[in-house]
Ligand code: 6PG
């Protein structure tokens, strides 16, 4: 378990650095690749970049599968739907439909987010080919993450029971701690940890306070999330805590 912080100038440089890491993780695996995407605004530039000719032509789309770390109970096509955002930004133009694995929330009952969670857990297990995660064989090649103002990551909010889950791969969250205050479905910490690399993207002055707390080791979800392999925090200058400034 190895965590490091990489600093870049600004959001544009951050998207390029993230795209290069996506390419590197794909190149490192000559077989079927699994990438877990994230929602929020932070990854949008990266997603748009992957759809440009330079990156698009370097990705073997047929063998790359795209998952999502958490989802919100909003209608399909709503820009606040995490997978819809990723689809609009790049997946629908680039990836085969059968390689896109959304969490079923749009057609599901918001009163029962655990039901959607169970369906997605089944899909992940069938993709992985086992009921138990094996330390030597990560589920994902790459897991993208972001950090929220309260220190949440995916839909793992501070103090919520979902954070302590050790058995289930995916759980329902009846109400989010931040906007949109809708039910959510989230992968759990052990599931997210089952990856070769976990990559956080953090940009903007608005993130500096929470990033300072997370990197100082405060007990917050984003700080507890980590890969069994490599954990990388990609941070732009505006978000960089005082202690990390040169
Ligand atoms: C979600 C995201 C969430 C996000 C952070 C950061 O569904 O809300 O997965 O974990 O990464 O809230 O969001 P921003 O990128 O919008 O700041």
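The values are calculated or read from the model by the stated rules, or taken from the named source; none is laboratory data. Keep in mind that what you see is a predicted model, and the values were worked out from it rather than measured. All Cβ positions, glycine included, derive from the backbone under ideal geometry; neighbour counts span all protein chains shown.
Of all residues in region 60-73, those satisfying the criterion of being more than 10 Å from the chain's Cα centre (by Cα) and within 13 Å of residue 155 (Cβ to Cβ) are 71, 72, 73. Quick one: is residue 201 farther than 20 Å from residue 71 by Cα and either assigned to a strand (DSSP E or B) or at pLDDT below 95 (or both)? For residue 201, the condition - farther than 20 Å from residue 71 by Cα and either assigned to a strand (DSSP E or B) or at pLDDT below 95 (or both) - is not met.
Set side by side, the residues 61, 66 differ, and just one is more than 12 Å from the ligand (Cβ to nearest atom) and in contact with a strand residue (DSSP E or B) (Cβ under 7 Å, 6 or more places away or on another chain), which is 66.
For residues that are closer than 19 Å to residue 224 by Cβ and touching a residue at least 60 places away in the same chain (Cβ under 8 Å), tally how many sit in region 161-184.
Here is the first cut: in region 161-184, the residues closer than 19 Å to residue 224 by Cβ are 161-171, 173, 176-178, 184.
Within this subset, residues satisfying the condition of being touching a residue at least 60 places away in the same chain (Cβ under 8 Å) are 163, 170, 173, 176, 184.
Qualifying residue count for the region: 5.
To keep it simple, each residue is scored yes or no on (1) farther than 24 Å from residue 46 by Cα; (2) touching a helix residue (DSSP H, G or I) at 6+ places or on another chain (Cβ under 7 Å); (3) modelled with pLDDT under 95.
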| residue | (1), (2), (3) |
| --- | --- |
| 103 | no, yes, no |
| 128 | yes, no, no |
| 131 | yes, yes, no |
| 147 | no, yes, no |
| 170 | yes, yes, no |
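Entry remark, region 179-199: residues being near the ligand (Cβ under 9 Å from one of its atoms) and buried (at least 24 other Cβ atoms within 10 Å of the Cβ) number 2 in total.
In region 164-175, of all residues being closer than 25 Å to residue 210 by Cβ and surrounded by fewer than 20 Cβ atoms within 10 Å (Cβ to Cβ), the one that is nearest to the ligand (Cβ to nearest atom) corresponds to 175. Examine region 22-44 for a residue that is closer than 27 Å to residue 235 by Cβ, without any contact (Cβ under 8 Å) to a residue 40 or more places away in the chain and crowded, with 19+ Cβ neighbours inside 10 Å, and state whether such a residue exists. No.
Among the residues of region 48-74, those that are assigned to a helix (DSSP H, G or I) and under 27 Å from residue 179 (Cα atoms) comprise 48, 49.
Any chance region 209-217 includes a residue that's more than 14 Å from the chain's Cα centre (by Cα), within 10 Å of the ligand (Cβ to nearest atom) and over 22 Å from residue 83 (Cβ atoms)? Within region 209-217 (the criterion being more than 14 Å from the chain's Cα centre (by Cα), within 10 Å of the ligand (Cβ to nearest atom) and over 22 Å from residue 83 (Cβ atoms)), the answer is yes, since at least one residue qualifies.
Residues that are in contact with a helix residue (DSSP H, G or I) (Cβ under 6 Å, 6 or more places away or on another chain) and surrounded by 22 or more Cβ atoms within 10 Å (Cβ to Cβ) within region 69-97 comprise 71, 86, 90, listed in sequence order.
You will find that of 119, 91, the residue that is in contact with a strand residue (DSSP E or B) (Cβ under 6 Å, 6 or more places away or on another chain), away from the ligand (no atom under 14 Å from the Cβ) and more than 23 Å from residue 230 (Cβ to Cβ) is 91 and no other. Checking the stated criteria, residue 55 turns out not to satisfy the condition of being modelled with pLDDT of 95 or more and within 13 Å of the ligand (Cβ to nearest atom). When residues in region 133-145 are screened for being more than 16 Å from the ligand (Cβ to nearest atom) and touching a helix residue (DSSP H, G or I) at 6+ places or on another chain (Cβ under 6 Å), 2 of them pass. Only one of the listed residues (109, 150) is within 11 Å of the ligand (Cβ to nearest atom), on the phi < 0 side of the Ramachandran plot and surrounded by fewer than 18 Cβ atoms within 10 Å (Cβ to Cβ). That residue is 150.
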